[in-house]
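What follows is a short report on a single structure.
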Amino acid sequence: MADRRPRVWVSQPLFDDIVAQLEAYFEVVPTVEVTAHSSADITARLGGVDGALVTLNESVGAAEIAGAAHLRAIANVGVGYNNLDVEALGAAGILASNTPDVLTETTADLGFALLMAAARRITESERWLRDGQWRQWSFTTMLGADIHGATLGIVGMGRIGQAIARRAHHGFGMKVLYHNRSRLPVALEQDVGAVYTGFEELLARADHLLLVLPYTPHNHHLVDAAALAKMKPTATLVNIARGGLVDELALADALANGRLAAAGLDVYEGEPQVRPELLALRNIVLTPHIGSASLATRRAMVQLAVDNLIAALGHGPDAGHPASAINADAVAAAKAGGVTVRGKKTDLDKR
Ligand code: 8YV
């Protein structure tokens, strides 16, 4: 291939001063306005670049990389990467990365904020006050559920789940139960103050249930009508992970019919659309996917993604080894095997 400056696509406007660091190594193809990229658009963009910085709004799978002859790296600005077909990327020798750790505490804060707002009816109370209804006050107005001393169930005990458990146990004196694919080491369980239980038991015992697990096709609608029926009618459900984990219609039905007391959602199945059935409810707190949205954390996420992209494309202090690669093994295997890349057999090291 003739010598040319590698090109990278940045799929959304992020923080210009951080993204500018890419210019030291690459020709940057920016996106100057927030854009809902179609699959065809993403395919066209990826077709002309060596790397890309993408957000959760851009899905990248086999179709989008089919014509991307030079693409070697995708840096996702987000810890969850269900927008990426990691298998297809790995098989094509494209190194994918995400942004863990830097958003852990901020996202845990939001989880707790949603829990407290939902259980203590904060947004509902505010709406009631603003609507001039305070004159109707009685001693039993806006009774909610306690957080302190209650039993918190956490589904998904990764970094964010653990950060929530610490807040709950050490800060609020809660009894913390958790369910996870695998049990944590005992020392870590003790540190975060959490006790492992089966999923069914967690549903039945939790006064408040928080979902913090990665979304995969296998756990689609993990919380469906049957799961909701096992929860206490006084319980709160909070989802800060991915919308697909919850059957939203079943949730709306349970909330509308007194089978669940309250809910807090930061994520939805059809983002940025929110179902009218959810919008119509008074006992649900709805935020627009702001889990990681503090200024410091969003900047840290973009910085990590930029560093990942520079390293994945073979530059900078970590050249070849981005700090948070997702599919390094698959890419190495693909390189060793001389992968079939986007239709033609290629030696990746020579690209
Ligand atoms: C998003 C998130 O990245 O990191 C994740 O997985 O869900 C969030 O931090 C952020 O909302 C930008 O889309």
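When each of A63, A88, A108, A118 is tested for being open to solvent by 50 Å² or more (accessible area, probe 1.4 Å), touching a residue at least 24 places away in the same chain (Cβ under 8 Å) and in a helix (DSSP H, G or I), the lone residue that passes is A63.
The residue list V238, V246 contains one member that is farther than 17 Å from T123 by Cα and within 16 Å of the ligand (Cβ to nearest atom), which is V246. Scanning the range 26-58 for residues that are farther than 18 Å from N83 by Cα and open to solvent by 70 Å² or more (accessible area, probe 1.4 Å) yields E27, P30, V32, E33.
If you scan the range 168-187, which residues turn out to be within 23 Å of the chain's Cα centre (by Cα) and surrounded by fewer than 21 Cβ atoms within 10 Å (Cβ to Cβ)? So that I can check it myself, show each step before the final result.
Taking the range 168-187 as the starting set, the residues that turn out to be within 23 Å of the chain's Cα centre (by Cα) are 168, 176-184.
Scanning the range 168-187 gives N180, R181, S182, R183, L184.
When you look at L260, is it open to solvent by 80 Å² or more (accessible area, probe 1.4 Å), free of Cβ contacts under 8 Å to residues at least 40 places away in the same chain and more than 16 Å from the ligand (Cβ to nearest atom), yes or no? Judged against the criteria, L260 is not a match.
In the set D101, D131, which member is surrounded by fewer than 19 Cβ atoms within 10 Å (Cβ to Cβ) and under 30 Å from V29 (Cα atoms)? I'd like the intermediate steps shown before the answer.
Working: D131 fails: under 30 Å from V29 (Cα atoms).
Exactly one residue qualifies, and that residue is D101.
Just to be sure, is A206 in contact (Cβ under 8 Å) with a residue 24 or more places away in the chain and in contact with a Ser or Thr (Cβ under 6 Å, 6 or more places away or on another chain)?
Values: in contact (Cβ under 8 Å) with a residue 24 or more places away in the chain: yes; in contact with a Ser or Thr (Cβ under 6 Å, 6 or more places away or on another chain): yes.
Taking the combined requirement at face value, the residue satisfies it.
Out of V246, V302, I need the residue that is of a type outside the set (S, T, N, Q) and within 30 Å of E23 (Cβ to Cβ). Which one?
Values: V246 fails: within 30 Å of E23 (Cβ to Cβ).
When all the criteria are applied, what remains is V302.
Would you check which residues across the range 66-82 are part of a loop (DSSP other than H, G, I, E, B) and either out of contact with any helix residue (DSSP H, G or I) (no Cβ under 6 Å at 6 or more places or on another chain) or within 10 Å of the ligand (Cβ to nearest atom) (or both) and list them? Scanning the range 66-82 gives A66, G67, A69, H70, R72, V77, G78, V79, G80, Y81, N82. Restricting attention to the range 32-42, the residues being more than 23 Å from the chain's Cα centre (by Cα) and not hydrophobic (A, V, I, L, M, F, W, C) number 1.
One residue stands out among those in the range 198-233 that are assigned to a loop (DSSP other than H, G, I, E, B) and exposed (fewer than 15 other Cβ atoms within 10 Å of the Cβ): the one that is modelled with the lowest pLDDT, which is T216. Only residues that are closer than 20 Å to G314 by Cβ and open to solvent by less than 70 Å² (accessible area, probe 1.4 Å) were counted in the range 1-17, giving 4.
Within the range 83-112, if we keep just the residues that are in contact with a Leu (Cβ under 8 Å, 6 or more places away or on another chain) and among the polar types (S, T, N, Q), the residue that is farthest from the ligand (Cβ to nearest atom) turns out to be S97. Across the range 281-306, the number of residues qualifying as within 16 Å of the ligand (Cβ to nearest atom) and either free of Cβ contacts under 8 Å to residues at least 12 places away in the same chain or open to solvent by 20 Å² or more (accessible area, probe 1.4 Å) (or both) comes to 14.
With respect to M157, is the statement that it is surrounded by fewer than 17 Cβ atoms within 10 Å (Cβ to Cβ) and aliphatic (A, V, I, L, M) true?
No, not satisfied.
The conditions of being over 23 Å from D266 (Cα atoms) and open to solvent by less than 10 Å² (accessible area, probe 1.4 Å) are met by L71.
In this structure, does A296 turn out to be farther than 26 Å from R5 by Cα and either modelled with pLDDT under 95 or of a type in the set (G, A, S) (or both)? Criteria met by A296.
The values are calculated or read from the model by the stated rules, or taken from the named source; none is laboratory data. A quick note: this is a predicted structure, and the numbers were derived from the prediction, not measured. Neighbour counts run over all protein chains shown; Cβ positions are idealised from the backbone, glycine included. Accessible surface is based on the protein model in full, side chains and every heavy atom, while ligands, DNA and RNA are left aside. Shrake-Rupley method; radii C 1.70, N 1.55, O 1.52, S 1.80 Å.
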